[in-house]
Every structure is written in structure tokens, then in C-alpha cells.
Amino acid sequence: MILCGGRGVRALPETLEVPKPLLLVGGRPVLGHVMEIYARQGFTEFILAAGYKAEMVWKFAQGLPADWSVDVVDTGEDTGTGGRVQRVAERVTEPFHLTYSDGLGDVDLKALVAFHAGHAGSTTVTTVALPSQYGTFDVGPDGLVSGFREKPKLADHHINAGFFVMDRRVFDTWAGDDLEREVLPALGAARELYAYNHHGFWKSMDTQKDAQELSALCAEGPGPWMGGPGPSHGGL
């Protein structure tokens, strides 16, 4: 299941005319890149949970490979991320993948599924180290600067990278319309949520600047998200 229904406010003004999943990366919609990450690893049955400009997502889906199974569901323009998942709950199999339409990474999906099968929780979320948008100084107790790191990854802080795996029983206690602010915290409190830490490539396309940076990465061939599963490590 891929969440494709948001308005993409941070990508304005481009998203006034085109839904965020269809913004271009390397001349092709970012949604197509996300789907290819799954397809090249053997997962070709998709549910696209659309909303804002759903008819454009449906039209895009008509041009996808014929051997993929693609079901586009209009889950409402103003529905939250958690509500979109819940509205297509009856269509998913056990277990099922869930991700966003704007996050690209070389996640080893079969290793992710194996990690999920090895713990007792209903949900696994892929996490990555928080990328700092600023350079950081290494400062000693006397104020002496001993080093500088340009936009480092903050390894002690993990963020949600999407690429979830969930069991159907997650819907037995699903609570809230917002996946990030309501559903995931509740799953964590119930000890149902585990994190699979990914150390390979990952980047989200939140703004047009992000789209340009991702496009530059695939200017001469497949982007790093298609270069093969990166090294990953599962852990709490």
C-alpha cells in the first residue's frame, strides 16, 4: 500500500496542478520510482491510497507495466494518513507493506520482512539516522573547535523512513486518523512497534529542491535507490 493522497503543501506551487506523487524525479513521477523499488525485489501487487487529484493518480496507473496488479482507491481529499490506511484495510493481505509515495531508499525488502517475522509486534517501521540540515562543530570544554562536519547524519536520532511491514491484526487496535501522531505512538505504547534500522541510501522528496537533488542523482542512470539493497541492520 502506498499513501498517495496528501496535498503536498511543502511542494507548492507545483502541487497546485499536480499531486505530489506525480512530481518528476529524473523526468518520471516519484511514485513510479517508489513502485520500482518494490517491483525489482519481487513485490508487484499495489494499492495506491489516493485522495488529492485522485483522477491523475488513476490515469498514471493506466500506464504501468501490465504484469503489475495496481488498485487505485480514492480515500478522500482531507483524510489523514492513518485514515487512508484504514479505508483500504479490507484489501490488504497478511502481512502487508506500507510506505509513502515520496521516500526513496535502497531498502532490502526481503530482509525487512524477515526481521518483521522475527519479532512479536504487529508493525515494523524502517528508520534512518536523522540527516542534519546544518553543519555541526565539534567543540571542547574550553570552547576550542576541533572539527566541523557538513550536514552529518545524527546516528543517535532515528526518523521514520516509511517502508513499513504490518500484520492485519494491527487493525484490531487501530486508533486515529493520523498515522504519525496517533497510530504509531499508540502502537509503541502497546509494545507492538519495532524499528528496522536502514544504513543505506534514503531521501524524501518534500520540496521542489529535493526533487531537483534526486533528479541530479539519476541524471546518468538509475538512482542510488535502485542500485541494489544497501547494508541494513535490524534492531529495537
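The values are calculated or read from the model by the stated rules, or taken from the named source; none is laboratory data. Predicted model, so just to flag it, every value in this text is computed and none were measured. Here the Cβ positions follow ideal geometry from the backbone for every residue, glycine too, while neighbour counts run over all protein chains shown. Accessible surface is based on the protein model in full, side chains and every heavy atom, while ligands, DNA and RNA are left aside. Shrake-Rupley method; radii C 1.70, N 1.55, O 1.52, S 1.80 Å.
Quick notes on this structure:
- Cα centre as origin, Lys/Arg/Asp/Glu Cβ charges: the chain dipole, Debye: 140
- Within segment 50-117, the proportion of Cα pairs with more than 17 Å between them is 57 percent.
- For the chain, the solvent-accessible area works out to 50 Å² per residue, with a probe of 1.4 Å and every protein chain left in place.
- Taking the chain as the region of interest, the number of lysine pairs whose Cα atoms are within less than 19 Å, with members eight or more places apart or on different chains, is 7.
- Taking every alpha-carbon pair within the chain, the share separated by more than 22 Å comes to 54 percent.
- Protein-only accessible surface order, largest first, of ASP108, ASP74, ASP172 at 1.4 Å: ASP172, ASP74, ASP108
- The order of TYR194, TYR38 by accessible area, most exposed first and with a 1.4 Å probe, is TYR194, TYR38.
- Across every pair of non-identical alpha carbons in segment 75-199, the mean reciprocal distance, once inverted, gives a Kirkwood radius of 16.4 Å.
- Shape summary: segment 13-68 maps onto an equivalent ellipsoid whose semi-axes, from the alpha-carbon gyration tensor, are 20, 13, 9 Å in decreasing order.
- Ranked from largest to smallest solvent-accessible area, with a 1.4 Å probe on the protein heavy atoms, LYS20, LYS110 come out as LYS110, LYS20.
- Furthest towards positive pole of dipole, VAL183, ALA61, VAL85, structure part the chain, Cβ charges: ALA61
- At 1.002 mPa s and 20 °C, Stokes diffusion of segment 1-119 via Kirkwood alpha-carbon radius, µm² per second: 145
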